[in-house]
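Here's the structure, in structure tokens; my notes come after.
The values are calculated or read from the model by the stated rules, or taken from the named source; none is laboratory data. Quick caveat: nothing in here was measured; it's all calculated off a predicted structure. Neighbour counts run over all protein chains shown; Cβ positions are idealised from the backbone, glycine included. To get the accessible areas, we keep the full protein, side chains included, count just its heavy atoms, and leave off ligands, DNA and RNA. Shrake-Rupley method; radii C 1.70, N 1.55, O 1.52, S 1.80 Å.
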Amino acid sequence: MRFSIGAVLDDVLALVAIFEVIALGQLVFYPFSFYTVGSFAWYQAQAFRGLALLSPVFLVLLLYAWLAILAIRVTMKHSNRLNKVVLAFLKPVRSLNTRSSFADESIVLRHPRVLLIIAMTMGMLLGVLPYWPGLNPNGNVVGLDTPAYINWITQMLARPFPQAISYAFSQADSGFRPLPLILFYSIASLGISAQQTVEFSPLILGPLISLSSYHFVKSGSGNRGAAAISALVACFSFNVTVGIWAGYLANWLAMITAYFFLAGFFLFERSRRKSILVPLSLLSVALLLTHPWTWALILATTFVFGISGSRDRRKLLTISSTILTLSGVIVDFAKNQVVGGTTLAADLGTKGPVFGIPQFLMFWPNVWASLTVFYDGLLGNVVFLGLSAVSFVAIRFREKLDGMLFCWVACASVPFALLNGFHQTRLIYDLPIPPLVALGTLLLISRAGGGNLRATLILLVMLLFSANYAVGSIIQA
């Protein structure tokens, strides 16, 4: 009986994989099949919209499961009976080597660097897809914020170099994202038009989000298989899809910097070499000058990670994260004094209408809108959010990566409940979805049984669904 059920499951997974392959082929060779009723691509889009109805539940579970986890951990310390019950419940779904066993044995994951190269290549292709003549014959600008970036770079090119830099630090978006503007300005100064520089920046950002996610997971867990899955998910993630649809280039670059920064923080924790604080400080400042709100979330994450660490390392990590935070505050204040750019603290004072108890009372409508209304509902990806929520079942505080992800999500969840729908979307964008999806996928595979065949089919279905989602999102953009 078990064998027949397993065989049926394998057949279903194989059929779903074939369906996803055909749908993806239609999207690639005939993009407008996305809107053609009766095509595989159309049915794929309808399935995504139907499943999106479950996404608010998974998002809330992901964001606030840590409250239940902490409550259970505290209660278990004072109740032996509850301790036995919880351990008995967790035993079937959780084991010490749950995630690593498949990664170590899988044929697919034996060459993680090859998978990383594939992920980076896919990210590059998705970066140029919006301006493929077959999809965008008129070369229309793609991304809501993209015209603003083009305008800022054009304004910088029209000024002498010192004034151009001053403009990036002060007048362009109140000086909130000078680093990406300076990078784009440097490229445009080589003779490339401002429009082409901005339009094709995803060509670089796409591969980098996969590379940074890979190094973050590898540095935190040492699991190259999980890192490879994270890289593959990253090239289809919200950072790419919403990044292109909305033109969130600075936020996209900030997430790349954040992953590299936290990977360096893992290295600092292991080695305890204070010399590593120098590159960490540079990455922290770069993150601040790229997207201040992402910087605030990431530095809060490192601080909470530090104070929740083991006793022998708690002092070092807490002091170090405090120093990194204070150095960022000083840089932000100095920027304001020298060139007049708005500080993060000053911008916080403008958030009153979108933050507070009134928004908390509208929590569920806000969550619903953030996942189903904004960005054409691209954040309502039930596969990403579902696997991310599932990965919290396997949270083990003894592993650095788990601890950092736990702190990251917990820090995002606190302001999330008090924000309106649009600002909630920015926090969802800043969640570590690719690493969480990778760990959730490994957990699902490890419990599904069936050996390499079933594991490969599960992984293939997840990646094909993600690829269809990513290509479809660009077609909608």
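Taking the inverse of the mean reciprocal distance over all distinct Cα pairs, the Kirkwood hydrodynamic radius of the chain comes to 23.3 Å.
Accessible area per residue for the chain is 44 Å², calculated with a 1.4 Å probe on protein heavy atoms, without ligands, DNA or RNA. A protection proxy built from the mean count of other Cβ atoms within 10 Å ranks the segments 139-151, 336-348, most packed first, as 139-151, 336-348.
Per-residue SASA remark: H215, around 60 Å² accessible (1.4 Å probe; ligands, DNA and RNA not included).
Remark: spin-label model distance H111-A7 equals 3.3 nm, labels positioned 7 Å along the Cα→Cβ axis. Between V338 and N452, full extension at 0.36 nm per residue minus the direct alpha carbon distance yields a gain of 35.1 nm. With all protein chains in place and a 1.4 Å probe, the accessible surface of the chain carries 69 percent carbon and sulfur.
The number of Lys pairs in the chain with C-alpha atoms less than 30 Å apart, excluding pairs fewer than 8 positions apart on the same chain, is 14. Whole-Hz Karplus values for segment 273-283 come out as 7, 5, 5, 5, 4, 5, x, 5, 5, 5, 5 Hz, taken residue by residue from phi with 6.51 cos²θ - 1.76 cosθ + 1.60 and θ = phi - 60°; glycine and proline positions read x.
By the equivalent-ellipsoid construction on the alpha carbon gyration tensor, segment 331-411 comes out with semi-axes of 31, 23, 13 Å, ordered largest to smallest. Ranking of M122, M362, M404 by solvent-accessible surface, largest first: M362, M122, M404 (1.4 Å probe, protein heavy atoms only, all chains present).
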